[in-house]
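Beneath this line is the structure, given in structure tokens, with notes to follow.
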Amino acid sequence: MEVEISIVKEMETIQAFINALDTDDSVIFPLPRVSSHILSRIMELILKEYDQELVKRLSHEELKEICMVANYLNMKTLLHLTASAIANLIQNKSVEFVRHFFNILMNGYSKMLMKIELNASIFYNYKYQFRYFSFICD
């Protein structure tokens with residue numbers, strides 16, 4: 001896929017390679033972590049000057065993928081825009097929603113950690129209740 005030079009200038013990672021090559025010729029850079037669909041969405045966002053309404057219409061998967069690609073290509077403005085959109089999206093949502101959004105599965109290890117945290121908090125609460133009780137009895 002051919003990308004306009006104005007868009008490439010936003011990609012600091014690619015721009016560093018171009019500057020190191022010191023050439024005015026067209027250069028082909030493979031981007032194995034970037035699908036053509038996501039790259040076209042990124043170009044659309046940049047050409048429309050980071051339109052907030054366009055960001056709101058992105059699917060959750062597209063939004064996460066664009067955020068990761070913006071980080072990979074060091075596109076600071078796009079990274080800030082998408083990370084802010086994700087933060088607004090998960091704000092005041094349940095833990096289950098956030099886990100589902102980021103595809104965080106509850107495996108045996110994380111369930112064990114939750115039990116340890118629960119036991120630690122119970123112990124912590126009982127410890128202070130016992131201190132309070134012993135203080136009253138003295």
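Values in this text are rule-based calculations from the coordinates and carry no lab data. It should be emphasised that the depicted structure is a prediction, and the values quoted were computed from it without experimental measurement. Glycine gets a Cβ as well: all are built from the backbone with ideal geometry, and neighbour counts include every protein chain shown.
The string of couplings for the range 90-99 from the Karplus curve (6.51, -1.76, 1.60, θ = phi - 60°) is 9, 4, 6, 9, 6, 4, 4, 4, 5, 4 Hz, one whole number per residue in order, with x for Gly and Pro. Among the trypsin sites (Lys or Arg not before Pro) found in the range 33-107, those both in a DSSP coil and sparsely packed, with 14 or fewer other Cβ atoms within 10 Å of their Cβ, are 33, 48, 57, 93.
Fewest-first ordering of 47, 31 by other beta carbons within 10 Å of each residue's beta carbon gives 47, 31.
What is the local net charge at residue 72, summed over the other residues whose Cβ is closer than 12 Å to its Cβ (Lys, Arg +1; Asp, Glu -1)? Provide the component values of the computation, followed by the final result.
On the way: positive: 33; negative: 12, 65.
Taking every other residue near residue 72 into account, the sum is -1.
Whole-Hz Karplus values for the range 59-70 come out as 6, 4, 5, 4, 4, 5, 5, 5, 4, 5, 5, 4 Hz, taken residue by residue from phi with 6.51 cos²θ - 1.76 cosθ + 1.60 and θ = phi - 60°; glycine and proline positions read x.
Shown for 23, 82, 77: other C-beta atoms within 10 Å of each C-beta, ranked fewest to most, produce the order 23, 77, 82. Between the range 16-42 and the range 43-92, the C-alpha centres lie 19 angstrom from each other. Of 51, 22, the sequence from fewest to most neighbouring Cβ atoms within 10 angstrom is 22, 51.
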